[in-house]
Amino acid sequence: MTVAPLKILKIVLVPERGIHHLENGDGDVLNPLANLEGEVWTGTINAPVPIPFEDSLLYMYTQDNQIFDSDIINVVSDEENELNINESRRTIKLLRPEYIDIAVQEIEDLLGD
């Protein structure tokens with residue numbers, strides 16, 4: 001088996017700024033191995049052919065001359081992704097006052113006083 005030499009296409013100096021995923025303008029996660037039209041395969045259903053890596057969104061991201069317009073494709077870094085997850089968990093839900101006694105009784109029953 002012959003293995004083609006690998007080539008580093010992009011170096012991220014700050015690990016937190018590395019790519020986590022790609023999104024379209026609506027916030028939908030895109031397949032990084034698809035092309036701009038979202039296709040991963042070409043050819044026929046009986047003879048599918050994967051698109052060349054050079055046509056993929058991930059390859060385009062690694063090229064300096066490719067511009068990702070945030071209205072079309074947005075690159076979400078690891079840091080941004082973690083901040084978004086934490087922000088979505090920020091809301092704290094409080095018990096309405098009329099249910100406090102019931103909740104306390106349930107907890108005491110579960111813990112055995």
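What to note about this one:
- Qualifying GluC sites (Glu not before Pro) in region 1-51, where qualification requires a DSSP coil assignment and no more than 16 other C-beta atoms within 10 Å, comprise GLU37, GLU39.
- Most mobile of ASN24, ASN84, ASN46 in a GNM of the chain (Cα contacts under 10 Å): ASN46
- The charge dipole of region 21-91, taken about the Cα centre with unit charges on the Cβ atoms of Lys, Arg (+1) and Asp, Glu (-1), comes to about 240 debye, rounded to the nearest 20.
- For THR42, the residues whose amide H sits under 5 Å from its own are VAL49, ILE51, ignoring neighbours fewer than 5 places away on the same chain, with H placed 1.01 Å from N.
- Unit charges at the beta carbon, dipole of the chain: most positive-side option, VAL29, TRP41, LEU95: TRP41
- Rg over Rh for region 1-98 works out to 1.14, both radii taken from alpha-carbon positions and Rh defined as the Kirkwood radius.
- Burial order of peptide ranges 47-56, 92-101 (average beta-carbon count within 10 Å, highest first): 47-56, 92-101
- Rounded FRET efficiency, nearest 0.05, which uses the C-beta distance separating ILE19 from ALA47 and R0 of 41 Å: 0.80
Just so you know, all these numbers are worked out from the coordinates, no wet-lab data involved. What you see is a predicted model; the values in this text were computed from it and never measured. Virtual Cβ from ideal backbone geometry, glycine too; neighbours counted across all protein chains shown.
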